[in-house]
1. Is it the case that some residue within segment 51-58 is farther than 12 Å from Tyr106 by Cα, of a type in the set (Ser, Thr, Tyr) and either surrounded by 16 or more Cβ atoms within 10 Å (Cβ to Cβ) or out of contact with any Leu (no Cβ under 9 Å at 6 or more places or on another chain) (or both)?
2. With the condition kept exactly as written, say whether any residue in segment 4-14 is within 23 Å of Ala122 (Cβ to Cβ) and part of a loop (DSSP other than H, G, I, E, B).
3. List, please: which pairs have Cβ atoms under 7 Å, are six or more places apart or on different chains, and start with a residue in segment 101-117 that is touching a residue at least 24 places away in the same chain (Cβ under 8 Å) and at positive phi and end with one that is in a helix (DSSP H, G or I) and aliphatic (A, V, I, L, M)?
4. Give me a count of the residues in segment 3-57 that are in contact (Cβ under 8 Å) with a residue 40 or more places away in the chain and under 13 Å from the mean Cα position of the chain (by Cα).
5. What's the number of the only condition in (1) in contact with an Asp or Glu (Cβ under 9 Å, 6 or more places away or on another chain); (2) in a helix (DSSP H, G or I); (3) not charged (D, E, K, R) that Thr26 fails to meet?
6. In segment 78-129, how many are acidic (Asp, Glu) and either modelled with pLDDT of 95 or more or within 12 Å of the chain's Cα centre (by Cα) (or both)?
7. Filtering segment 57-77 down to residues that are charged (D, E, K, R) and over 14 Å from Glu27 (Cβ atoms), which residue is modelled with the highest pLDDT?
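The values are calculated or read from the model by the stated rules, or taken from the named source; none is laboratory data. Note that the structure is predicted; figures quoted are calculated from it, not measured. Because the Cβ atoms are built from the backbone with ideal geometry, glycine has one as well, and the counts that use them run over all protein chains shown.
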Amino acid sequence: MIAPDAQEIEEMARAAIAALPEPYRTEAAKVVLRVEEFATDAVLDDLEMEDAFDLTGLYDGIPLTQKSVADQPLAPDTIWLYRRPILDEWAARGDVALGDLVAHVYVHELAHHFGWSDADIATIDKWWE
């Protein structure tokens, strides 16, 4: 079997967007989606992470709860999905469909766009239990 490429991972994430209820779907469509093999060294350094396989996704932007009409965005809000770490986690878990894992990573990052902290997300998302 050939591992899904970046385009296939993006299609899985877009399917997750399409499955979101309103108004989340409309807001999610405003966030740029990018799929890369790994996070850059600069991103890993900023997050104080040493192993690129430890980062499956990242929200880069200003959460809606912190946006102001006075803000001049330097770049669009973006959700990054990292293909190789996602595939590595999927293979290691062996108990979840790849599309479900991609959707989970995407929705986790989208929650940050809505202003939720990791602790907030953990109270409602029992994925890792």
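1. No, that holds for no residue.
2. So far as segment 4-14 goes, no, none of its residues is within 23 Å of Ala122 (Cβ to Cβ) and part of a loop (DSSP other than H, G, I, E, B).
3. Gly115/Leu64
4. Of the residues in segment 3-57, 17 are in contact (Cβ under 8 Å) with a residue 40 or more places away in the chain and under 13 Å from the mean Cα position of the chain (by Cα).
5. Every condition holds for Thr26 apart from (1).
6. Qualifying residue count for the region: 3.
7. Going through the qualifying residues, I end up with Asp60.
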